[in-house]
Amino acid sequence: MIRPRTATTFSPPVMEARRWLEGVTQPDDRPLINVSQAAPVDPPPQGLRQAMADAALNRDDAHLYGPVLGLPELRSALAAQISTHYAGAVTPAQVAITSGCNQAFAAAIATLCAEGDEVILPTPWYFNHKMWLDMSGVHSIALPAGPNMLPDPDHAASLITPRTRAITLVTPNNPTGVEYPADLVQAFADLARTRGIALIVDETYRDFDSRSGPPHPLFADLDWDDTLIHLYSFSKAYRLTGHRVGAICASTARLHEVEKFLDTVAICPGQLGQHAALWGMQNLRDWLAAERAEILARRAAITDNMPKLTAQGWELLGLGGYFAYMHHPFAQSSATLAPALVRDAGILCLPGTMFCPETDNTGTRQLRIAFANLDAAGISTLFDRLAALPPG
């Protein structure tokens with residue numbers, strides 16, 4: 001029996017986790033702490049919302065089909081920003097706007113892979129990447145992270161076969177939060193170029209990287225687009241998650257193929273979201289810097305609170321961006337621990353089993369904490385609740 005494409009993969013993890021809330025009532029003195037999803041819960045700042053309203057009221061073209069590859073002004077602005085941020089050279093023709101970063105990944109895979117091809121994904125992996133590869137008939141080749149949750153280029157090289165089409169990196173990483181060192185990213189780029197495959201680098205969380213200066217040198221290479229496919233999201237930077245605005249940077253030849261995919265799937269990205277992203281880039285530099293500073297302060301609060309847990313056998317495996325990735329000390333699998341935390345501690349988080357192949361038992365001892373929507377006091381409360389769990 002032939003299975004439909006959607007039956008080849010698992011249920012969306014965030015939606016699956018929300019089902020754990022059904023029938024569970026939290027006490028008034030213990031409201032739910034939701035650290036399951038890496039998405040801002042606050043709306044965009046007032047000025048950006050006003051700009052969207054103005055575009056909706058005053059721009060007739062904002063309600064029509066737009067260019068398939070996105071608004072020219074936004075493509076130009078992003079090309080200039082990337083060139084500055086990475087000390088490189090990117091042209092507007094090498095940039096396309098997508099309906100979220102997930103669509104950017106889907107478009108990249110559509111230009112790279114046929115049935116039965118392979119893409120190497122470091123594990124723990126971002127589950128939506130795995131899901132799209134499943135539904136595309138592409139084999140995900142797991143590259144287990146080593147010490148400090150970093151993938152090894154030499155190990156990746158041993159996994160390359162004649163069917164390998166790309167290696168995908170996410171930095172700062174989802175789910176671990178780890179920021180990949182510049183020399184590691186370069187080593188993967190060198191490997192991909194040598195072996196004639198693509199390197200997909202998803203930098204959805206790049207605006208919250210703790211490092212100053214370019215996080216890697218890939219765009220400084222004048223021939224970057226013969227290997228690199230770069231993905232980005234405006235959703236986290238400007239709180240535009242519901243408006244689905246992402247981007248892909250690649251060669252003009254690849255974007256010609258991307259255009260076929262985008263025109264078939266969505267025709268064009270949402271116009272109001274694109275105008276919002278453009279206004280944000282032009283007007284919210286200082287605001288975004290303050291948002292980054294706040295995320296880094298919350299990251300520091302995770303470190304400050306870890307002593308509450310380390311004596312009980314917890315370990316912080318990765319931290320950065322929006323995420324803390326934890327090793328728990330309990331005998332039970334995280335697949336059963338995470339739903340139990342909803343009932344017993346009022347905490348909704350995702351188990352490591354959602355980020356690993358079924359054959360990889362490391363995920364059974366891991367949890368992802370998406371801390372971006374907790375202030376320092378909320379993070380302290382979260383750790384107090386975890387510390388109060390009975391041993392077992």
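Can you give me the distance in nm between label points at residue 29 and residue 340, each placed 7 Å from the Cα along the Cα-to-Cβ direction?
Computed distance between label sites residue 29 and residue 340 equals 2.4 nm.
What percentages make up the Cα-Cα pair-distance distribution of segment 10-63 when the bins are 5 Å wide from 0?
4, 13, 13, 13, 12, 10, 12, 13, 6, 3
So what does residue 130 come to for accessible area, using a 1.4 Å probe and Å² rounded to 10?
40
Please label the shape of segment 1-146 as rounded, prolate or oblate, based on the square roots a ≥ b ≥ c of the eigenvalues of the alpha-carbon gyration tensor (a/c under 1.5 means rounded; beyond that, a/b larger than b/c means prolate, else oblate).
Oblate, since a/c reaches 1.5 and b/c is not below a/b.
Quick one: of the DSSP bridges fully inside the chain, what percent are antiparallel, nearest 5?
50
Expected output is a single nm value to one decimal: the length gained when fully extending between residue 182 and residue 385, i.e. 0.36 nm times separation in residues minus the C-alpha distance. What is it?
Length difference between fully extended and current span is 69.4 nm.
If I take R0 = 41 Å and measure r between the Cβ atoms of residue 80 and residue 333 in this structure, what FRET efficiency does the formula 1/(1 + (r/R0)^6) give, to the nearest 0.05?
Step by step, r from the Cβ atoms, then E = 0.30.
Given the convex hull over the Cα atoms of the chain, what projected area results after averaging over all orientations, in nm²?
With every direction weighted equally, the projected area is 20.2 nm².
Hey, could you grab the Kirkwood Rh for segment 339-390? Inverse mean 1/r over distinct alpha carbon pairs, Å, one decimal.
12.1
What ranking do 227-233, 212-218, 338-344 get when scored by the average of other Cβ atoms within 10 Å per residue, highest first?
Sorting 227-233, 212-218, 338-344 by mean packing, highest first, produces 227-233, 338-344, 212-218.
Per the Cauchy relation, a quarter of the hull surface: what is the mean projected area of the convex hull of the alpha carbons in segment 300-355, in nm²?
4.2
Using the heavy atoms of the protein chains and a 1.4 angstrom probe, tell me the accessible area per residue for the chain in square angstrom.
42
Given a 1.4 Å probe and every protein chain left where it sits, what share in percent of the accessible area of the chain is carbon and sulfur?
That fraction is 54 percent.
Tell me whether segment 86-214 comes out rounded, prolate or oblate; compute the Cα gyration tensor, take square roots of the eigenvalues as a ≥ b ≥ c, and use a/c under 1.5 as the rounded threshold.
rounded
With the alpha-carbon atoms as the only input, what is the per residue convex hull volume for segment 251-392 in Å³?
So the per-residue Cα hull volume is 181 Å³.
Stretch residue 194-residue 53 to full length: gain in nm at 0.36 nm per residue minus the Cα-Cα span?
Result for the pair: 45.9 nm of gain on full extension.
Would you list 285, 59 from the most to the least accessible area, probe 1.4 Å?
I get 285, 59, largest accessible area first.
Simple spin-label model, 7 Å along Cα-to-Cβ: residue 315 to residue 91 in nm?
The modelled label-to-label distance comes out at 5.0 nm.
Rounded, prolate or oblate: which fits segment 49-117 when a ≥ b ≥ c are the square roots of the eigenvalues of the alpha-carbon gyration tensor, with rounded for a/c under 1.5 and prolate only if a/b beats b/c?
Here segment 49-117 falls in the oblate category.
Using amide H atoms built in the peptide plane, which far-off residues or other-chain residues are under 5 Å from residue 229 H to H?
199, 200, 201
Keeping all protein chains in position, work out how much accessible area residue 101 exposes to a 1.4 Å probe, and write it in Å² to the nearest 10.
10
I need the calculated FRET efficiency for the pair residue 260 and residue 297, taking r as the beta carbon distance and R₀ as 56 Å, to the nearest 0.05.
Efficiency computed from Cβ-Cβ geometry: 0.80.
Between residue 8 and residue 154, 0.36 nm times their residue separation minus their Cα-Cα distance comes to what?
49.6 nm
Tell me, what is the FRET efficiency for residue 63 and residue 285 to the nearest 0.05, using R0 = 22 angstrom and their Cβ-Cβ distance as r?
With R0 = 22 Å, the Cβ-Cβ based efficiency is 0.15.
I'd like the distance separating the alpha-carbon centroids of segment 360-379 and segment 298-340, in whole Å.
6
The values are calculated or read from the model by the stated rules, or taken from the named source; none is laboratory data. All of these numbers come straight from a predicted model, not from anything done at the bench. Here Cβ is always computed from backbone atoms with ideal geometry, including for glycine, and neighbour counts include all displayed protein chains. Calculation scope for accessible area: heavy atoms of the full protein, side chains included, ligands and nucleic acids excluded. Shrake-Rupley method; radii C 1.70, N 1.55, O 1.52, S 1.80 Å.
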